Amino acid sequence: MYAELLPGLYIVATPIGNLGDLSPRAAHILSHADVVAVEDSRVTANLLRHIGVKRPMTPYHDHNADGVRPGLIARMGNEVVALVSDAGTPLISDPGYKLVRDARAAGHLVVTVPGPCAAVAALTLAGLPTDRFLFIGFLPSKAHARSEAISEIAAIRATLILYESGPRLSACLTALAEGLGDREAGVAREITKRFEECVTGRLSELAARYADAPPKGEIVIIVAPPEAPPPAGAEDADAALAEALTRLPPAKAAGEVAKRLKLDRRELYARAMAMKGER
């Protein structure tokens, strides 16, 4: 069914809860890897038991990645090295990208084995716009740094996806409401498990809901994009035209304002000519 695995790096997505979500291809690669680079060997050992195999494992995480990486790169020359995270798709909020970068630089084969990802799974549950989204990962834990990070993303016209822990959830939701405005949002947890849920509402409502009852485990927060500004009125158009006429002739002033305020250029041109005559 599957071709013989060539030496190189295999980036293997693993279940985020329900072990039944492991794909047959992922199971095949994990079953035949010469070594599996893991965040926590206990977690991956449980997954390997689920598919009925034992494979050599080596820890690869934030605290040891720089020291372990050269050895893994060397092994890729003639061995199959599988990279997994504790749950979901490797490289999403973990140091795996450096392993991919160095593997490519060394000329090794790099293969992705796609599968579960908590960020995308939560996005599908929330019922918020999916045509454009931005993954933020974890915000800083300290209030000032978190506030600065939120201000950097406040104007982005996309649905935002964040990871957060249960104890910090309410404070994070409150900070998001203060920095982004009280947008629609969702809090997804226990994804693919028995008690999976995605609670939706305004950021302030969700912050109040979890203030006294923080949920356990890792959580995904999904925040709607900023609402479109109200259409410009006659006063806005006149003010913009008056300013533009100090720099430009009527035709160009009308064109500039029409583009910026998304108004009819011909009507603006007529108004510009009238304003010029009133001077």
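The values are calculated or read from the model by the stated rules, or taken from the named source; none is laboratory data. The model shown is predicted, which means the values in this text are computed figures rather than measured ones. Cβ coordinates were reconstructed from backbone atoms using ideal geometry, including for glycine residues, and neighbour counts include every protein chain displayed.
Testing Phe195 on (1) touching a helix residue (DSSP H, G or I) at 6+ places or on another chain (Cβ under 9 Å); (2) surrounded by fewer than 14 Cβ atoms within 10 Å (Cβ to Cβ), one condition comes back false. Which one is that?
(1)
Can Ala211 be described as surrounded by 15 or more Cβ atoms within 10 Å (Cβ to Cβ) and either without any contact (Cβ under 8 Å) to a residue 60 or more places away in the chain or under 20 Å from Leu123 (Cα atoms) (or both)?
No: the conditions fail for Ala211.
Quick check: anything in the stretch 182-196 outside any loop (DSSP other than H, G, I, E, B), among the small types (Gly, Ala, Ser) and in contact with a Lys or Arg (Cβ under 9 Å, 6 or more places away or on another chain)?
Restricting attention to the stretch 182-196, the residues satisfying the condition of being outside any loop (DSSP other than H, G, I, E, B) are 184-189.
Remaining after also requiring among the small types (Gly, Ala, Ser): 185-186, 188.
Next, only the ones that are in contact with a Lys or Arg (Cβ under 9 Å, 6 or more places away or on another chain) stay: 185.
Checking the stretch 182-196: at least one residue is outside any loop (DSSP other than H, G, I, E, B), among the small types (Gly, Ala, Ser) and in contact with a Lys or Arg (Cβ under 9 Å, 6 or more places away or on another chain).
Would you please name the residue that is surrounded by the fewest Cβ atoms within 10 Å (Cβ to Cβ), looking only at residues in the stretch 143-181 that are among the polar types (S, T, N, Q) and either more than 17 Å from the chain's Cα centre (by Cα) or not in a strand (DSSP E or B) (or both)?
Ser151
Out of the residues in the stretch 59-112 that are in contact with a Pro (Cβ under 9 Å, 6 or more places away or on another chain), of a type in the set (Gly, Ala, Ser) and outside any loop (DSSP other than H, G, I, E, B), which is surrounded by the most Cβ atoms within 10 Å (Cβ to Cβ)?
Among those that are in contact with a Pro (Cβ under 9 Å, 6 or more places away or on another chain), of a type in the set (Gly, Ala, Ser) and outside any loop (DSSP other than H, G, I, E, B), it is Gly88.
Can you find even one residue in the stretch 152-162 that is modelled with pLDDT under 95 and closer than 20 Å to Ala208 by Cα?
Scanning the stretch 152-162, I find no residue that is modelled with pLDDT under 95 and closer than 20 Å to Ala208 by Cα, so the answer is no.
Determine whether the stretch 225-234 contains at least one residue that is farther than 30 Å from Asn18 by Cβ and part of a helix (DSSP H, G or I).
Checking the stretch 225-234: at least one residue is farther than 30 Å from Asn18 by Cβ and part of a helix (DSSP H, G or I).
Could you list, in sequence order, all residues of the stretch 20-49 that are without any contact (Cβ under 8 Å) to a residue 40 or more places away in the chain, over 26 Å from Asp102 (Cα atoms) and surrounded by 14 or more Cβ atoms within 10 Å (Cβ to Cβ)?
Ala45, Leu47, Leu48
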